[in-house]
Amino acid sequence: MYELIMTHLNDVVAAVLFAIGLANLLFQKNMIKKIIGLNIMDTSVYLLLASQGYIRGLAAPIMTDGNTDAGNYINPIPSGLVLTGIVVSVSVTALMLSLTIRIYKKYHTLNLDEALMRVRQEE
Amino acid sequence: MEIIRNFPFFSIMICMFSAIVTSVLPAKAARYLTRAALIAVMVLSAVLLVNLRGSGTSFPYMMGHFPAPWGNEIRAGELEALMALFISTVALFSVMAGMPAVLKDIDEDKQNLYFILVDLMTASIISMIYTNDLFTGYVFIEINTIAGCGLIMIRQIGKSVVTAMRYMIISLVGSGLFLIGVTMLYTISGHLLMPNIRESIAELADNDKYSVTLTVVVGLITVGLAIKSGLFPFHLWIPDAYGYSNVASSSLLSSIVSKGYILLLIKIFYRVIGFDIIVKSGVNNILFVFGVTAMIMGSLAAIREKNIRRMIAYSSVAQIGYIYMGMGLGTKAGTVAALFHIISHGATKSLLFLSSAEFTEGSHSKEFSELYGTGRKYRGSALCYSIGAFSMVGFPLLSGFISKYMFATAAVGHNLKMILALGALALSTILNTIYFLKSVIVIYSDDPKKRRPQSLETYLSGAGGMMSSKMQYFCSIGALTVINFLLGIKAQTIIDIISEGLEVFG
């Protein structure tokens, strides 16, 4: 068991981080903490992706000295996916933060449940 | 024929570019451009559909300069063309009939932002329909989520901003699960293009390798997309989101946005994993159980609701349940019924939201107690609303009847599932009848307190009193009513297209 965990350390850490992020996103009441949870969750996926593309001892996939043998480089696709994913998660984070500012200006609280309660009281 | 192959790509790009151009346009030009873009997509999809009809083929389309295993692709067949046609049609009529609400709720200098969101949403759903690449699918899911969030919060009242926040949180849980599912699928298959993944998966399944991982992947992707489309236990944001947002947004969100995710899920089931592997893994049974529960629970919640817009929203929860129930049957007939219901529900639900707008705005309230007698004041929209309500209940000649009939016939021969599905269908139909007929009776009957419905400004006159806005409103809801009848009477054509399209799916 210990060996299995050590050989798949990246995957295990990614899974643990994903769970931490998901739990924070769902169960934290504070909206800023929710957003932090979202970022932890997304980062865990990038860790998983990046570690899948990495091959120990090989170079970054940037061609130098005319070395065109693909066997010398790591898999570039997961790195590309991570970049795309980071762009997506940055924009989602920005949107969430702007929503948080809106809610804070209106209800003077960062607690989503409390904001929801104020909405219900308005009716 | 060669130029027609470009049409899926054109449809996506027209929406994308009109979103970009709209950002610098004044409100009036933005309105025209969006409508023109949607009409263009409609025409392109219709031409594509006519061309592919009966040919029994589909074609991939290379994006960029790299061939299949490395580059990105989109793919078009009959089913995709039909769905793109459906999406653009409903989007066009929602925008046209919801225009007075858009003009009223949003400041003039910010109106072009609303049309950016509409364009982006249409572009992302059409891309989800056409894409042949799983990661592209993920990116467009996120774009769709952001556009949907914007559509909800555009009214900028406290309620809708809090609702948008809740919608984002639930949606992001869904997309997180989907993303990790796609990542794991990439690790075991080594590909991102759907046909290539399919080959690797078939090989893995033959050798009985990674069967646990595959089940986990199927579970993650299915749960992720089910959360995003608002299946029963994850439906809590739906009534607020559809109930308090702008009426055009409610119509777009309920009839299109949630359907985009379901279409992508069906595509993944058939083209990426393979439907027999899904059935073997038993994930469809879980979908079936949640679908049946949603059918009942959504209808029960709708009966208790006193606000007409929220009642229609809860009915959406039940209808999403119908779709997942059909997919959960695990047969081709079930999926065909689910796909038909996607179209039928989209046409009916947008009709209900849009036609109810006139009399809820006219009486300045969405509560049933204030709606007495409005049906006789606003005859046209009340008639369309009643037709929509009858269609939801499953009245013959209307589209709702055909989808209920198809679900019932698809369920036959499944022993336990047949009893559950038929029972749920019967019970849900009775519950539907209770709340939809109640709403129809209320709008046509006199107020028990003898109050006369009176209003200072109506939905249509409030919108600057434009002559054309009235005509647009009635043309759109009239067209949606006609589509409902057409789907009910000429259903066989649509069913043929769906089943032929599903045949070439994989």
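What follows is calculated from the coordinates using simple rules that are stated; it is not laboratory data. Every value quoted in this text rests on a predicted model; they were computed, and no experiment measured them. Glycine also receives a Cβ, built like all others from the backbone with ideal geometry; neighbour counts cover every protein chain displayed.
Greater than 22 Å separation of Cα atoms is the criterion. Which listed pairs, B:332/B:404; B:228/B:306; B:470/B:490; A:106/B:306, meet it?
Checking Cα-Cα distances, B:228/B:306; B:470/B:490; A:106/B:306 exceed 22 Å.
What FRET efficiency do you get for residue B:5 and residue B:449 if R0 is 51 Å and r is their Cβ-Cβ distance, rounded to the nearest 0.05?
For R0 = 51 Å, the calculated efficiency reads 0.20.
From the helices alone, meaning DSSP H stretches of at least four residues, give me the mean residue ellipticity at 222 nm for the protein assembly as shown, per-run term -39500 (n - 2.57), in deg cm²/dmol to the nearest 500.
Counting only the DSSP helices, I get -25000 deg cm²/dmol.
Which is the longest stretch in chain B that no exposed loop site breaks, taking sites as GluC sites (Glu not before Pro) with a DSSP loop state and at most 13 other Cβ atoms within 10 Å?
Within chain B, the longest run free of exposed GluC sites (Glu not before Pro) spans B:3-456.
Along the stretch B:438-448, what does the Karplus equation 6.51 cos²θ - 1.76 cosθ + 1.60 (θ = phi - 60°) give for ³J(HN,Hα), rounded to whole Hz, x for Gly and Pro?
Rounded to whole hertz, the list is 4, 5, 5, 4, 4, 6, 9, 9, 6, 5, x.
Can you give me the long-range amide H partners of residue B:72? Hydrogens built in the peptide plane at 1.01 Å from N, cutoff under 5 Å, separation of 5 or more residues or another chain.
Under 5 Å from the amide H of residue B:72: B:63, B:66.
Semi-axes, largest first, in whole Å: what does sqrt of 5 times each Cα gyration tensor eigenvalue give for the protein assembly as shown?
For the protein assembly as shown, the semi-axes come out at 40, 27, 25 Å.
Subtracting the Cα-Cα distance from 0.36 nm times the residue separation, let me have the gained length for residue B:65 to residue B:496 in nm, one decimal.
151.6 nm
Translational diffusion coefficient of chain B at 10 °C, 1.306 mPa s, Stokes-Einstein with Kirkwood Rh over Cα pairs, in µm²/s as a whole number.
Rounded, D is 70 µm²/s.
When every alpha-carbon pair in chain A is counted, what percent end up more than 21 Å apart?
Pairs farther apart than 21 Å: 56 percent.
Long-range amide H contacts for residue A:110: which residues qualify at under 5 Å (H placed 1.01 Å from N, peptide plane, sequence gap of 5 or more or a different chain)?
Amide H neighbours of residue A:110: none.
For the stretch B:248-264, take each phi angle, set θ = phi - 60°, evaluate the Karplus expression 6.51 cos²θ - 1.76 cosθ + 1.60, and give the result in whole Hz per residue in order, putting x for glycine and proline.
For the stretch B:248-264, the Karplus curve yields 5, 5, 4, 5, 5, 5, 6, 8, 10, 4, 5, 6, x, 5, 5, 4, 5 Hz.
Tell me, what does the Kirkwood hydrodynamic radius of the stretch B:173-269 come to in angstroms if you use every pair of distinct C-alpha atoms?
Evaluated over the stretch B:173-269, this radius sits at 14.8 Å.
At most 14 other Cβ atoms within 10 Å plus a DSSP loop assignment makes a site exposed; report the longest stretch of chain B without any exposed trypsin sites (Lys or Arg not before Pro).
B:1-208
So what's the gap between the Cα centers of the stretch B:263-297 and the stretch B:364-415, to the nearest angstrom?
27 Å
Rounded to the nearest 0.05, what FRET efficiency is calculated for residue A:29 and residue A:58 with R0 set to 45 Å and r the Cβ-Cβ distance?
So, using R0 = 45 Å, E works out to roughly 0.50.
Residue by residue, what Karplus-based ³J(HN,Hα) values in Hz, rounded to whole numbers, does the stretch A:105-117 have, using 6.51, -1.76 and 1.60 with θ = phi - 60° and x for Gly and Pro?
4, 7, 10, 6, 8, 9, 8, 5, 4, 5, 4, 5, 5
Quick one: compute the contact order of chain A, relative version, from alpha carbon pairs under 8 angstrom and 6+ residues apart, as a percent.
Result for chain A is 23 percent.
What longest region of chain A stays clear of trypsin sites (Lys or Arg not before Pro) that DSSP places outside H, G, I, E and B and that have at most 16 other Cβ atoms within 10 Å?
Excluding the exposed sites themselves, the longest stretch runs over A:57-123.
If you average the sequence gap of Cα pairs under 8 Å that are 6 or more apart and divide by the length of chain B, what percent do you get for the contact order?
Computed value for chain B: 16 percent relative contact order.
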